[in-house]
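Student: Mind looking over this structure? Questions follow.
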Amino acid sequence: MASLGGRRFTAVFVALLALGIAASYSSSLGIGFYFDDLYGIHNNPTIRSLRNIPSFFTDPHAFWTDRTQADVRPVLLITYALNYTVSGLAPWSYHVLNLLLHFVAALLVFVLVRDHVWWPARERGPSGDARIPAAAAALFFALAPLNTQPVDYVWARSALLSTTLYLGAFLAFLRRRWTLGAVLFALALLTKAIAVTLPAMLLIYDSGVALSSRSSSRLPWRSPTSRTGRPSCRAGRPRPASKRG
C-alpha cells in the first residue's frame, strides 16, 4: 500500500476505513435507547417536530424531559429531530448518523496529520511519506475501543458531533478558509461548550510551527558551515588570505 501514488493511496485508505468502521460497529444498529437516551430522545416531545427547531436555540429545557437539567445545544437537538423524522423511535437511523459522523471525523484526522501535523514538513502532502502515519493515526482513532461509547450510545452524540465540527473548523482555519471555519466553529459551540477551546488550540499549533521552524533553521545542514568546519557551498568560496609585504 505504501507504494501506491497519492490519489490511489487515499482511495484505498478511504475504502479500508469505511470497511473497518462498518465491520466494527455494524452490530450497533440494533442497540436501543438506554439511560439518558430515555430523557433526551425517547420521551422528549420537542424532537418530534421540526417546527420546534427555533425553541432549541432559546429554551434550555428543550433537550431534557426532566427539568432538573438545563442546557442549550440546538445543533445536537436538530440532529435528533431529523432522525425522528426519518425513523421515529426506531434506533437504526440514529446509529447510521453516528457512524457517518465517526467516519468523517476519522477522515479529518487523516488529512490533518498528513497535511499539517506531521513533522518534518517536507514529508507532508497526498504523495508524501506522511500519508502512512496519517492513515495509521486515523485507523487508530476510528477503531479504538475508547470511542465505542460516543458511537454506540446515542445520547453521547454530543461528543461525536462536536469533535467532527471541531476538527473541520481546525482544518478550515489552517487552510485559511475563514468563513467555513467560523461557521463550523459556531456549530461546534452550539453542540457542546468544550469547542470554546479551538482558538487556544490554533494558537498552540501556530506556536509549535514557529518553534519548529526556528529549530530547523539551526540544524547542521542549514548552517553555512558544515559539520567538518568547512564553509558550505551556500556560504560561497572563501576569500584568499592577503599577502603581507
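Student: Scan region 130-142 and tell me whether some residue there is of a type outside the set (Val, Ile, Thr), in contact with an Asp or Glu (Cβ under 7 Å, 6 or more places away or on another chain) and outside any helix (DSSP H, G or I). Quick ask: steps written out before the conclusion?
Tutor: Of region 130-142, the ones of a type outside the set (Val, Ile, Thr) are 130-131, 133-142.
With in contact with an Asp or Glu (Cβ under 7 Å, 6 or more places away or on another chain) added as a condition, the list becomes 130.
Next cut, outside any helix (DSSP H, G or I) only: 130.
Looking through region 130-142, at least one residue is of a type outside the set (Val, Ile, Thr), in contact with an Asp or Glu (Cβ under 7 Å, 6 or more places away or on another chain) and outside any helix (DSSP H, G or I).
Student: Tell me which residues, restricted to region 117-129, are outside any loop (DSSP other than H, G, I, E, B), modelled with pLDDT of 80 or more and surrounded by fewer than 17 Cβ atoms within 10 Å (Cβ to Cβ).
Tutor: Quick first cut of region 117-129, residues outside any loop (DSSP other than H, G, I, E, B) only: 117, 121-123.
If we keep only those that are modelled with pLDDT of 80 or more as well, we get 117, 122-123.
Result: 122, 123.
Student: Hey, another quick one. Just one of 169, 186 is under 20 Å from residue 57 (Cβ atoms) and free of Cβ contacts under 8 Å to residues at least 24 places away in the same chain; which is it?
Tutor: Numbers: 169 fails: free of Cβ contacts under 8 Å to residues at least 24 places away in the same chain.
The conditions single out 186.
Student: Sticking with this structure for a sec: Only one of these conditions is not met by residue 162: (1) assigned to a helix (DSSP H, G or I); (2) surrounded by fewer than 20 Cβ atoms within 10 Å (Cβ to Cβ). Which number is it?
Tutor: It is condition (2) that residue 162 fails.
Student: Also, quick follow-up: Suppose the filter is assigned to a loop (DSSP other than H, G, I, E, B) and buried (at least 16 other Cβ atoms within 10 Å of the Cβ); does residue 191 pass it? Lay out the reasoning, then the answer.
Tutor: On the way: assigned to a loop (DSSP other than H, G, I, E, B): yes; buried (at least 16 other Cβ atoms within 10 Å of the Cβ): yes.
In short, yes.
Student: Pick from region 49-78 the residues that are charged (D, E, K, R) and part of a loop (DSSP other than H, G, I, E, B): which of them is surrounded by the most Cβ atoms within 10 Å (Cβ to Cβ)?
Tutor: Residues of region 49-78 that are charged (D, E, K, R), as a first pass: 51, 59, 66-67, 71, 73.
Retained after the next criterion (residues that are part of a loop (DSSP other than H, G, I, E, B)): 59, 66-67, 71, 73.
Values: 59: 15, 66: 11, 67: 8, 71: 14, 73: 24.
The extreme case among them is 73.
Student: Hey, another quick one. Does residue 159 fit the bill of being in contact with a helix residue (DSSP H, G or I) (Cβ under 7 Å, 6 or more places away or on another chain) and without any contact (Cβ under 8 Å) to a residue 60 or more places away in the chain? Let's see the steps before the verdict.
Tutor: Values: in contact with a helix residue (DSSP H, G or I) (Cβ under 7 Å, 6 or more places away or on another chain): yes; without any contact (Cβ under 8 Å) to a residue 60 or more places away in the chain: yes.
Here the answer is yes, as residue 159 does meet what is asked.
The values are calculated or read from the model by the stated rules, or taken from the named source; none is laboratory data. Everything numeric here is computed off the predicted structure, so don't read it as measured data. Cβ sites come from the backbone with ideal geometry, for glycine too, and all protein chains shown count toward neighbours.
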